[in-house]
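The structure under discussion appears below in the form of structure tokens.
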Amino acid sequence: MSLDEDYPKAKRDARGRLRSLLEPDSALTERERQEIAMGLNILGDNARDLDEILDRLVNETHTPAEVGELLIAFQLTLGQVLGASDLVNGRLYDVGDRMKAVQLAGEAKS
């Protein structure tokens, strides 16, 4: 098996926990919470894979063919990052600001 076929490797399922973390944002629909949670989960896994591929390139000895396979794996994973970024693109600032406001409102009541 070539090294590029090792990826995607990371497969966490943090979607449920991420959806729960987004519940205080009442401006989000359930579908939006699901999309953002899925995007974050995919992006986190892809980031982990990209880090591992880079680590393998830098810290392991490889033949030129293996370097090529790892570069292809990096490119393919990067493509997945770009695709998944559409699920969260531009939304995290708004969600983040609203979530911070929920926290601040709770502190003001105390």
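Just a few scattered comments:
- Number of the condition not met by LEU87 [criteria: (1) assigned to a helix (DSSP H, G or I); (2) at pLDDT 95 or above; (3) buried (at least 16 other Cβ atoms within 10 Å of the Cβ)]: (2)
- Condition met for LEU70 (at pLDDT 95 or above, part of a helix (DSSP H, G or I), of a type in the set (A, V, I, L, M) and touching a Lys or Arg at 6+ places or on another chain (Cβ under 9 Å)): yes
- Scan of region 1-29 for residues that are among the small types (Gly, Ala, Ser), exposed (fewer than 15 other Cβ atoms within 10 Å of the Cβ) and under 16 Å from LEU70 (Cβ atoms), ordered by number: SER2
- Taking region 43-78 as the range and being in contact (Cβ under 8 Å) with a residue 60 or more places away in the chain, surrounded by 17 or more Cβ atoms within 10 Å (Cβ to Cβ) and acidic (Asp, Glu) as the test, only GLU69 passes.
- Number of positions in region 1-52 that are in a helix (DSSP H, G or I), aliphatic (A, V, I, L, M) and within 15 Å of the chain's Cα centre (by Cα): 9
- Matching entry among ALA47, ALA37 (being touching a Gly at 6+ places or on another chain (Cβ under 9 Å), modelled with pLDDT of 95 or more and over 18 Å from GLU5 (Cβ atoms)): ALA37
- Some residue of region 30-40 being surrounded by fewer than 14 Cβ atoms within 10 Å (Cβ to Cβ), touching a residue at least 60 places away in the same chain (Cβ under 8 Å) and out of contact with any strand residue (DSSP E or B) (no Cβ under 9 Å at 6 or more places or on another chain): no
The values are calculated or read from the model by the stated rules, or taken from the named source; none is laboratory data. No experiment lies behind these values; they were computed from the predicted model shown. Glycine gets a Cβ as well: all are built from the backbone with ideal geometry, and neighbour counts include every protein chain shown.
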